[in-house]
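Readers should treat all values here as calculations from the given coordinates under stated rules, not as data from a laboratory. This is a predicted model, so every value here is computed, not measured. In this analysis, Cβ positions are derived from the backbone assuming ideal geometry, glycine residues included, and neighbour counts consider all displayed protein chains.
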Number of protein chains: 2
Amino acid sequence: MDKRIQEAVELFQQVLIYGTERVLRSVEDPLWKEYSPEQMQVLNIIAKEGAMTAGRIAMLQGVHKSAVSNRLKKLKDKELLHVLQSDDKREKLLDLTEKGRVAAKHSNEVLHGYIEKLLINQVDDQEIEQFLMTFRKLKEILKTNGE
Amino acid sequence: MDKRIQEAVELFQQVLIYGTERVLRSVEDPLWKEYSPEQMQVLNIIAKEGAMTAGRIAMLQGVHKSAVSNRLKKLKDKELLHVLQSDDKREKLLDLTEKGRVAAKHSNEVLHGYIEKLLINQVDDQEIEQFLMTFRKLKEILKTNGE
DNA sequence: CCAAAATAGTTTACCCCCTAAACCAATACA
DNA sequence: TGTATTGGTTTAGGGGGTAAACTATTTTGG
């Protein structure tokens, strides 16, 4: 038991903490070079949930509001987002432009394709089941922690 | 099958790409604040494999040599590393100072403890086995990819 | 044997990410 | 209505990264 926890901790560290970015950096696609992963995440979040405030985006991304403010400025400059005024004049609702919608869709396809290739070539039918269970669990753990 | 791959891809994306950094950012420890994860990784690598060149570190971290050069400068400033001359006078061997050795050990304990708590509280005995298998596999996938 | 090519590192310019703190504007509320 | 709170922006400062230019030192090959 102890030994397994030990191995789990090491794997967690190697794979999650240091392994992921490597992969991210090796995705090659013009769009993926042009917009950062965090920027794409904003587009994807809005694509799924619809227009929302900067504050909510910050909460969902788990970062300081100033980080998001900065990010949103870039996305607006790139014309991927536009602002809708809400009743409360302090807050601004961010929504995708058509260009933003297209970018989100495309980037998703690229990333999906990339990961899919990674998995499908090297993971057999049995393993995929384990993979799913582990990751569902992980998602929970990370979520309850992050909140 | 298709549907499972689909879910796997999505989980991979959410957990690996966006979930990890959140966790990293929520580790709280003076040392962990003082030195970045990448800096700690350098210390850990050298702690494990012994003195090595900047080029090899860059290779192991999977980044451009200029990124490493910069990082090493910071670590030398903080007196965690020192330089040994090698026969080939172009290259420099980086080795841990005593302070570096202590920092590596401590940071590892902190991170270990953190991850362990994360896992041990929420993962039962059965799940840990799946976790291990999945992660061993993932490590392979990421490695073959990154090389 | 020596000049040209390759290799190891550093620097510089430029980008993105993040936090904290100061600062506006608008809304809440006592 | 005057003060507190809330949503966002800005600024300062510190990480991360790449690419390209530049040194210094080895290798190579004619």
*asked:* Taking a point 7 Å out from Cα toward Cβ as the label site, list the nm distances between B:Val27 and the same residue in every other copy, smallest first.
replied: 2.4
*Just grab the label-to-label distance for B:Lys33 and A:Leu84, each label 7 Å out from Cα along the Cβ direction, in nm (one decimal).*
4.0 nm
_Proximal charge balance of B:Ala47 [Cβ under 9 Å; K/R count +1, D/E count -1]_ = +2
_Could you give each residue of the range A:52-69 its phi-based ³J(HN,Hα) in whole Hz, using Karplus coefficients 6.51, -1.76, 1.60 with θ = phi - 60°, and x for Gly or Pro?_
8, 7, 4, x, 5, 4, 4, 5, 5, 7, x, 10, 5, 4, 5, 5, 6, 4
_Placing the label point 7 Å from Cα along the Cα-to-Cβ direction, what are the distances from A:Met133 to the equivalent spots in the other copies, shortest first, in nm to one decimal?_
0.7
*With a ≥ b ≥ c the root eigenvalues of the C-alpha gyration tensor of the range B:50-147, is it rounded (a/c under 1.5), prolate (a/b larger than b/c) or oblate?*
oblate
_Within 15 Å, Cβ to Cβ, of A:Glu98, how many net charges do the neighbouring residues add up to if Lys/Arg are +1 and Asp/Glu are -1?_
+3
*Within the range A:1-96, which trypsin sites (Lys or Arg not before Pro) sit in a loop by DSSP and count at most 14 neighbouring Cβ atoms inside 10 Å?*
A:Lys89, A:Arg90
*asked:* How tilted is helix A:2-11 with respect to the longest principal axis of chain A? Cα atoms for both, answer in degrees (0 to 90, nearest 10).
replied: 40 degrees
*Do you know the relative contact order of the range A:43-130, to the nearest whole percent, from alpha carbon pairs under 8 angstrom that are 6+ apart?*
29 percent
*asked:* So the label point sits 7 Å from Cα along the Cα-to-Cβ vector; using that for B:Gly55, what distances do you get to the other copies, in nanometres, sorted shortest first?
replied: 5.5
*Segment A:Met133-A:Lys48, extension gain: residue separation times 0.36 nm, minus the distance between their alpha carbons*: 28.2 nm
*Between beta-carbons, use under 12 Å as the cut-off and find the net charge around B:Leu111, counting Lys and Arg +1, Asp and Glu -1.*
-3
*Against the longest alpha carbon principal axis of chain A, how many degrees, from 0 to 90 and to the nearest 10, is the axis of helix A:98-122 turned?*
0 degrees
